[in-house]
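Taken together, the values in this text are just the output of simple stated rules run on the coordinates, not laboratory data. Treat the numbers as computed from the prediction; the structure is a model and nothing was measured. Neighbour counts run over all protein chains shown; Cβ positions are idealised from the backbone, glycine included.
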Number of protein chains: 2
Amino acid sequence: MSSLDALNRLAASLAKLPGVGRKSAERMAIALARDPTGVLAALTRALQEVGDTIRSCGRCGYMTPHDQDPCRLCTDSQRDDSVLCVVEDPSAIAALERAGEFRGRYHALMGKISPMNGEGVDGIRVQDLLERVGEGEVTEVILALDTDVESDATASFLAELLNERGVPVTRLAFGLPAGSGIGYSDPVTLARALKGRQQVI
Amino acid sequence: MSSLDALNRLAASLAKLPGVGRKSAERMAIALARDPTGVLAALTRALQEVGDTIRSCGRCGYMTPHDQDPCRLCTDSQRDDSVLCVVEDPSAIAALERAGEFRGRYHALMGKISPMNGEGVDGIRVQDLLERVGEGEVTEVILALDTDVESDATASFLAELLNERGVPVTRLAFGLPAGSGIGYSDPVTLARALKGRQQVI
């Protein structure tokens, strides 16, 4: 049953996408298999096109056209070289750019330290980060990491390395997200929001 | 069709509960009506019991047994009289108590300023708040309000009133909630988290 093997492999690939579970992946795979000249063909073309034309920026790790490396964020002369924002992956750069608040440079680690999943320091772009900081222009490193346990561990590790080199390290504020209700907030978020409370006016 | 009128009124009442939409309320009402001796009778009894035995604390606004006013949070001698945490409603007090970080006193406004819904300053417990602060023991007022537009307006209004009286006012930190991913965060939350970033180590 080689045809079903292919279907299973497609489902397994789809299930690796963020937010796609095993069941959804199976449903997607079946829908794609039922219409080989429609969505499947279009998706195949789109994937090939991305593979052929888009690459990861050698400097920050963000997505960039094949013929533009470093990317436009790394080469934009309007941006501030003295502030370096460290993220886990390119999707975080996209989110921060949508927020429109940050005008410095980025560095994507391409992962985080996660001993449970066998991912150590060697799997992420720490050496590149230290080299960039070593160039001497950076006066602040902002850690814009997620807020789970592994990201916390990664943040502590990086903060120590960077502090040894005398570079001030900040981390995004913990607290209440926009549009949230106190009554529905989880205890950890509330405790952190209380600890980080700010003077008004 | 008086019986259907009653059903509609029940659904309308249920739809006023937080998180219950019109459709869910209708489904709940029908389920209750189909089983008058089961859940409906139990719910009726439970509602009556709450109405008979629970009241709002005259001081902070939290829920308390009928014969215990002020409530246990207001009378607990272990708590700190100098810090007053202002919330919108009793459910926020419950959430903050679950967080376990705060050991001062509470004051529930029982609403917020919301001109669009015809709710002004008179509808919330501002006068009571000023009287409590006027007693002279409070050295910090923490505004633990939600993070929507109306709560922001309420916070600004209260901060001004309290600053005039020389009382320092803080507000819970805005930022990333626990367990959140940067790539999935909304722009407003990210912008606020960047603005409020904190030195690490």
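Would you mind checking the tilt of helix B:90-99 against the longest principal axis of the Cα atoms of chain B, expressed as 0 to 90 degrees and rounded to 10? Once rounded, the angle reads 60 degrees.
Candidate cross-link partners of B:K112 among the lysines, defined by an alpha-carbon separation under 30 Å and a same-chain spacing of 8 or more, comprise A:K195, B:K16, B:K23, B:K195. Counting Cβ atoms of other protein chains within 10 Å of each residue's Cβ and taking the mean over peptide A:26-36 gives 0. Between A:D186 and B:L4, what is the FRET efficiency for a Förster distance of 45 Å, r being their Cβ-Cβ separation, to the nearest 0.05? Once the sixth-power term is evaluated, E becomes 0.65. Scanning chain B for the Cβ atom closest to the axis that brings B onto A yields residue and whole-Å distance B:G175, 2. Note: relative contact order over segment B:80-201, using C-alpha pairs below 8 Å and six or more positions apart, is 23 percent. Exposure proxy shown here: for A:S185, B:S156, B:S151, A:S82, the number of other Cβ atoms within 10 Å sets the order, fewest to most, as A:S82, B:S156, B:S151, A:S185. Here segment A:116-179 and segment A:1-58 have alpha carbon centers that stand 33 Å from each other.
Taking θ as phi - 60° and the Karplus parameters 6.51, -1.76 and 1.60, the scalar couplings of segment A:110-125 work out to 6, x, 8, 6, 9, x, 4, 9, x, 9, x, 5, 5, x, 10, 8 Hz in sequence order, x denoting glycine and proline. Multiplying the residue separation of A:K16 and A:E137 by 0.36 nm and removing their Cα-Cα distance gives an extension gain of 39.8 nm. The angle between the Cα long axis of helix B:39-53 and the longest principal axis of the Cα atoms of chain B comes to about 50 degrees, rounded to the nearest 10. Between B:Q199 and B:K23, full extension at 0.36 nm per residue minus the direct alpha carbon distance yields a gain of 58.6 nm.
Given 0.36 nm per residue, what is the gain on full extension from B:N163 to B:V121 after removing their alpha carbon distance, in nm? All intermediate terms of the calculation are to be shown ahead of the outcome.
Values: separation 42, 0.36 × 42 = 15.12 nm, distance 1.73 nm.
Separation in residues times 0.36 nm, less the Cα-Cα distance, equals 13.4 nm.
Taking trypsin sites (Lys or Arg not before Pro) across segment A:142-192, the ones in a DSSP loop with at most 13 further Cβ atoms lying within 10 angstrom of their Cβ are A:R165.
In the protein assembly as shown, taking the dipole from charged Cβ atoms about the Cα centre, the farthest positive-side position among A:T139, A:L43, B:G19 is held by A:L43.
Rounded, prolate or oblate: which one fits segment A:79-171, using the alpha carbon gyration tensor with axes a ≥ b ≥ c (rounded when a/c is under 1.5, else prolate when a/b beats b/c, else oblate)? If you can, show how the numbers build up before the last one.
Values: a/c = 1.82, a/b = 1.20, b/c = 1.51.
Judged from the Cα gyration tensor, segment A:79-171 comes out oblate (a/c at least 1.5, b/c at or above a/b).
Between the exposed loop cleavage positions of chain B, defined as GluC sites (Glu not before Pro) in a non-H, G, I, E, B DSSP state with at most 16 neighbouring beta-carbon atoms within 10 angstrom, the longest gap is B:1-100. What separates the A:A12 label point from its copies, with the point 7 Å along Cα to Cβ, is 5.9 nm, written shortest first.
Average partner chain C-beta neighbours within 10 Å, per residue of A:135-144?
On the way: counts 0, 0, 0, 0, 0, 2, 1, 4, 2, 7.
Across A:135-144, the average partner-chain Cβ count within 10 Å equals 2.
A cut-off of 5 Å between modelled amide H atoms, ignoring neighbours fewer than 5 places along the same chain, links A:G104 with A:D80. The same position B:I54 in the other copies lies at 5.1 nm from this copy, comparing label points 7 Å beyond Cα toward the beta-carbon, shortest first. Only Lys, Arg, Asp and Glu carry charge here, each on its Cβ (+1 for the first two, -1 for the last two); on that basis segment A:79-171 has a dipole of about 220 debye about its Cα centre.
Counting Lys +1, Arg +1, Asp -1, Glu -1, what net charge surrounds A:T64 among other residues with beta carbon under 10 Å of its beta carbon? Walk me through the numbers on the way to the answer.
Values: positive: A:R55, A:R59, A:R72; negative: A:D67, A:D69.
The answer is +1.
For B:A41, the point set 7 Å out from Cα toward Cβ sits 6.7 nm from its twins in the other copies, listed from shortest up. If you run the Gaussian network model on chain A, springs between alpha carbon atoms under 10 Å, then out of A:G175, A:G111, A:G134 the most flexible one is A:G175.
Here is the list for segment A:79-153: trypsin sites (Lys or Arg not before Pro) lying in DSSP coil, each with at most 12 other C-beta atoms within 10 angstrom of its C-beta, are A:R103.
Per-residue mean of foreign Cβ neighbours for B:166-174 is 6 (Cβ atoms of other chains, 10 Å radius).
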